[in-house]
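What follows is a set of notes on a single structure, which appears directly below.
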Amino acid sequence: MSETAERDYRDTLRLPKTAFPMKAELPKREPARVAWWRDERTYERRLERNRANAPWILHDGPPYANGELHMGHFLNMVLKDMFVKIALLDGKWAEFVPGWDMHGLPIELETLKHLGIKDFHAIDPLELREKCKERALYWLDRQRDTRVRMGTFGRYERPYRTIDPSFEATIVETLADLAEKQQIYKGLRSTLWCVHDETALAEAEIEYEQKVSPSIYVRFPFSDAQREKLYAVLRQAQHDTERATQSSPSVTLSDPSVTLSLSKGLSFLIWTTTPWTLPANVAIALRADATYGLYEIDGEGLVLATALAESALGDRFADAKLLATTTGEALDGLAARHPFLDRDSAIVLADYVDLETGTGAVHTAPGHGADDFETGMKYDLPILNPVNASGHFTDEAGPYAGQFIFKANKQIVEDLRASGMLWRAHEYEHSYPHCWRCHNPVIFRATAQWFIAMDQNRLRARAIEAAESVAYDPEWGETRLKQMLENHPEWCISRQRTWGTPIPALVCAGCGESVLDPQVARKAAKRFAEVGASVWWSDPVETYLPDGFACPTCGKQAFDKEKNIVDIWFESGVTHFAVLGHDGLPWPSDLVLEGGDQYRGWFRSSIVTAVAVKNAAPYKRVVKNGWVNDEHGRPMSKSKGNGIDAKDAMEKWGADVLRLWAASVEFVDDVRFGPNVVEQVGRVYRNVRNRIRFMLSNLDDLGAADVVAREALQPLDALACSVVDAFVADVKALYDRYDIHGAYLRIVEFEGTMSSLYFDALKDPLYSRAENDARRRSAQSALLYALKRFLTAAAPVLSFTAEEAWQEIPTALRGDETSVFDSSFAAESIDRKALSADLALWEELRSLRAQVAGGANVRDFEAKVRIEAGAALFKRLAHLGDNLREALVASQCELVESSALEADAAVLDIVSAHGEKCRRCWKFRTLGSDAEHPSICAECASVVRGQASA
RNA sequence: GGGCCAUUAGCUCAGCUGGUUAGAGCGCAUGCUUGAUAAGCAUGAGGUCCCAAGUUCGAACCUUGGAUGGCCCA
């Protein structure tokens, strides 16, 4: 070998070159990209460009402005962003207005805690509201930063906020609309009440502590008439059993001697630990599917659930004789007598009746319990409220009027004992709700509240109808939402707190009636729109009185302002009115996307307000995302220590890897998240990144003038472009079906096929050909096309990486598409038929390549491949020319037609290539044609000579 | 306790209206490459499709019951 033969030709090759780093360092780099998007106004500019096109609006369900965002928020917010970007790249006017839910008790409580105040009555409402506002804004800022850091696009400089004067005005306007349609009324509701502080409490202000209460079993006797009805039911049940089992019961109810044996009366037996609620009793609730028995004990008849008879009857269970049984359902509609007041107690059914404690017959006082209240509403029972604010009985409580309820307990038990209505009594220690402030036991007490009447004007029915016009993903969302509407109790929208939007109701100074007048409300809305709702606390009432306004009940013209605020579910329920339907944003929205808990929450509250006011659904499609659990499928929570903040996760792994994770899981279902899951998706990310890098690194020397037109591409490159087109079309179709996960799978698959077949084939032409060689320029042009189309398709998911790569494309090749978000999915219309032929050929090449790569002992360029192909396949392969050899990564390729084979069949013969390995291009060739370069092939020699002369 | 949902390789998931030996990516093992190199390519090992019963010529897929987990309620 001569000295020249030893020469290393590496520096004569066109090896890949790019500034796009292999190592992503996402946590470090992403913040700069966020700032770049902001400075470039990337989103705004694209919106402006799309302005003339069809709008597509995803309406944001507002996160609550309290606490840091967690991975559940991340998943939801990033998914929303993906859909917004998909619409944007599709040319739609996709204005996304992010919003925040900023009023409400959690913020009020947190603020009070910070101020060191336990009783909110002890602070001036205006001052407290100011402090709450500061707090809510603090959280909004933090959450907004985190949200922007995720790489999400939206109108962040002007979000909607439920504390904005305009928003507060919308809330009050909506109240006016509802009042006008007589959809709102004031009624009683059972609320948690502290008799010591004389105030209503929220669920969050309750602490459970142990308490000793009297545990009593009480008789509710049957009247003569009701007793006959009971017998009739029991006889029917007995009759049915006889027929079903073909056996006679040992005791026959028809036998008069049996019923006569109950000489000492007949009663329902109930159990309670709050004797003081008995004056408000109006019903006994049973469980529909439970078995109830009539027991005889020493001549007395008692009815209770058989499953609880032993524990309820105690010592005397041994003496009890079961006479007959029936189901709770059969007893529905009967009645018993109140044990000491002159009225009936209705027998009703309720789901919550359990068979663990008591008698299975639950004392029901709608004024003194949440469940009881619901049952009361359902059965239209009177809601008695014989207890005043300080916990003393009113005259309604008959003999106990004036007594403090907890003291009256003892008296009531003694009276029951004396009247013979007490079965037995003992002490009972249990967990009982207490006031967090004064630590006294709390009670349920009926108070006057504002309600939206769900069945007035067929509101519930119309909401259900409207829900049917909406599309759902998953489809069962429709059933779920309709179920929620169906079971929606009367919607209580008033709260006795400070941090919220006031309900502009007036109390008549004359008769004490509350009035929510549309005119008054509209005046308030106008005033709030100008200066904010806090003025309700400072304005004189006259500000809100229309001329000549008089009490509709008594005609007096003097009023006080009522001090109730609106439930925050009502506030978030009108975001669609606040945001949509003006500023060019259409009403209803095209899409809402929230966690599954919102079927009961925001999906429901939104559709109720929309139907009440506009008689239509406020959204066209409802998509639900699943819950984010930890790696073991357990719920994440801060208290358990397995909760992960979105911000921490992004600092650790980078937003883009997490965005890819969001796409890698099936978001509709519950998903798992944790270090191992991220590790896995991180490897997929690196794969994708390196393939992007390969494409970029081969475009370094491509000028705009060098780009070969699509029609002039070499066959393999044209084929690759078809594969790209098919890929983009598929991904677009998947996006359109909201199938982000499907798109993820397609992206990963596409990258694989490009890398293993196409990139490998291109290395030799790209590296060893002359810079301006036509083959090389064709390959580069196809790579450019593939890269750009790929980045566009991936941008909704991998926003940061797609943009980073886009910025590494030589400027001249990007044209006026400064950002990847200036590009579009839509290429020229695709010829589907031609495409499918191309895709088939691509798959044939994949199969041939796999046989070459995996089948023989010879490696890559050591091989000569001889292909015998049937007529049709031969024709297709022949069309590829030398590109066929490239695709197989062989040094030599011989294609022959065989009439013996099926038209599409092929037989491969892989042998050692002849010639010697070229030192430069590694292909096996006849060497030595160029005396100066004896160790390389003629083609390489020509390239090297060209370089030397240049 | 009720309603709804989920359960396919170690992990994330495909599997269209029931139809040959249930697929992919990541991981793992082995080999190649060292001109994408903290990369690339190839090959391979992994599965009583949660369990049980039923319908059917045939079930991962349909029906019923159960288990486990989740969400919303109670």
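The table for this structure:
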quantity: First in the range A:897-921 and over 15 Å from A:Ala863 (Cβ atoms), second anywhere and more than 15 Å from RNA strand B (Cβ to nearest atom) and of a type in the set (Ser, Thr, Tyr), Cβ under 9 Å, 6 or more apart; calculated: A:Ala905/A:Ser898; A:Ala906/A:Ser898; A:Val907/A:Ser898
quantity: Enumeration of residues in the range A:355-383 that are touching a strand residue (DSSP E or B) at 6+ places or on another chain (Cβ under 9 Å), open to solvent by 30 Å² or more (accessible area, probe 1.4 Å) and assigned to a loop (DSSP other than H, G, I, E, B); calculated: A:Leu355, A:Thr357, A:Ile383
quantity: Among (1) part of a strand (DSSP E or B); (2) more than 48 Å from the chain's Cα centre (by Cα) - the single one A:Thr326 does not satisfy; calculated: (2)
quantity: Answer from A:Leu757, A:Leu762, A:Leu798 - the residue that is at pLDDT below 95 and open to solvent by less than 10 Å² (accessible area, probe 1.4 Å); calculated: A:Leu757
quantity: Qualifying residue in the range A:35-55 (condition: modelled with pLDDT of 95 or more and within 16 Å of RNA strand B (Cβ to nearest atom)); calculated: no
quantity: Members of the range A:780-789 that are more than 13 Å from RNA strand B (Cβ to nearest atom) and touching a residue at least 60 places away in the same chain (Cβ under 8 Å); calculated: A:Gln780, A:Ser781, A:Ala782, A:Leu784, A:Tyr785, A:Arg789
quantity: Odd one out for A:Glu939, checked against (1) of a type outside the set (A, V, I, L, M, F, W, C); (2) on the phi < 0 side of the Ramachandran plot; (3) out of contact with any Leu (no Cβ under 9 Å at 6 or more places or on another chain); (4) assigned to a loop (DSSP other than H, G, I, E, B); calculated: (4)
quantity: Test: A:Phe667 is under 21 Å from A:Thr146 (Cβ atoms), within 10 Å of RNA strand B (Cβ to nearest atom) and either open to solvent by 10 Å² or more (accessible area, probe 1.4 Å) or part of a loop (DSSP other than H, G, I, E, B) (or both); calculated: yes
quantity: Cross-chain or 6+ apart pairs with Cβ under 8 Å, the range A:324-353 first and over 16 Å from A:Leu286 (Cβ atoms) and assigned by TED's automatic domain parsing to the domain that holds A:Asp372, then of a type in the set (S, T, N, Q) and surrounded by fewer than 21 Cβ atoms within 10 Å (Cβ to Cβ); calculated: A:Arg337/A:Ser223; A:Arg337/A:Gln226; A:Pro339/A:Ser419; A:Phe340/A:Ser419
quantity: From the options A:Asp706, A:Asp669, A:Asp656, A:Asp648, residue that is of a type outside the set (A, V, I, L, M, F, W, C) and without any contact (Cβ under 8 Å) to a residue 24 or more places away in the chain; calculated: A:Asp648
quantity: Qualifying strands (runs of 3 or more DSSP E) (wholly inside the range A:436-518; at least 3 residues being touching a residue at least 24 places away in the same chain (Cβ under 8 Å) and open to solvent by 10 Å² or more (accessible area, probe 1.4 Å)); calculated: A:443-452, A:471-473
quantity: Qualifying residue in the range A:869-880 (condition: in contact (Cβ under 8 Å) with a residue 24 or more places away in the chain and within 16 Å of RNA strand B (Cβ to nearest atom)); calculated: no
quantity: Condition met for A:Phe727 (outside any helix (DSSP H, G or I) and open to solvent by less than 10 Å² (accessible area, probe 1.4 Å)); calculated: no
quantity: Matching residues in the range A:521-540 - criterion: being among the basic types (Lys, Arg) and either surrounded by 18 or more Cβ atoms within 10 Å (Cβ to Cβ) or touching a His at 6+ places or on another chain (Cβ under 8 Å) (or both); calculated: A:Arg522, A:Lys523, A:Arg527
quantity: Subset of the range A:738-778 [charged (D, E, K, R) and either over 48 Å from the mean Cα position of the chain (by Cα) or more than 11 Å from RNA strand B (Cβ to nearest atom) (or both)]; calculated: A:Asp764, A:Arg769, A:Glu771, A:Asp773, A:Arg775, A:Arg776, A:Arg777
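Every residue, every condition in (1) of a type outside the set (D, E, K, R); (2) within 16 Å of RNA strand B (Cβ to nearest atom); (3) in a helix (DSSP H, G or I); (4) open to solvent by 10 Å² or more (accessible area, probe 1.4 Å), yes or no:
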site	(1), (2), (3), (4)
A:Glu542	no, no, yes, yes
A:Phe577	yes, no, yes, yes
A:Gly581	yes, no, no, yes
A:Glu594	no, yes, no, yes
A:Lys638	no, yes, no, yes
A:Gly641	yes, yes, no, yes
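A quick yes/no check of all residues on (1) open to solvent by 50 Å² or more (accessible area, probe 1.4 Å); (2) modelled with pLDDT under 95:
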{"site": "A:Gly881", "(1), (2)": "no, no"}
{"site": "A:Leu884", "(1), (2)": "no, no"}
{"site": "A:Leu895", "(1), (2)": "no, no"}
{"site": "A:Ala905", "(1), (2)": "no, yes"}
{"site": "A:Ala913", "(1), (2)": "no, yes"}
{"site": "A:Thr926", "(1), (2)": "yes, yes"}
{"site": "A:Ser929", "(1), (2)": "yes, yes"}
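Residues checked against (1) under 20 Å from the mean Cα position of the chain (by Cα); (2) basic (Lys, Arg):
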site: A:Trp537; (1), (2): no, no
site: A:Pro540; (1), (2): no, no
site: A:Ala558; (1), (2): no, no
site: A:Lys561; (1), (2): no, yes
site: A:Ile565; (1), (2): no, no
site: A:Phe577; (1), (2): no, no
site: A:Asp590; (1), (2): yes, no
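The values are calculated or read from the model by the stated rules, or taken from the named source; none is laboratory data. From a predicted model like this one, the values you see are computed outputs, not experimental measurements. So basically every Cβ, Gly included, is an ideal-geometry build from the backbone, and we count neighbours across all protein chains shown. Heavy atoms of the whole protein, side chains included, go into the accessibility calculation; ligands, DNA and RNA do not. Shrake-Rupley method; radii C 1.70, N 1.55, O 1.52, S 1.80 Å.
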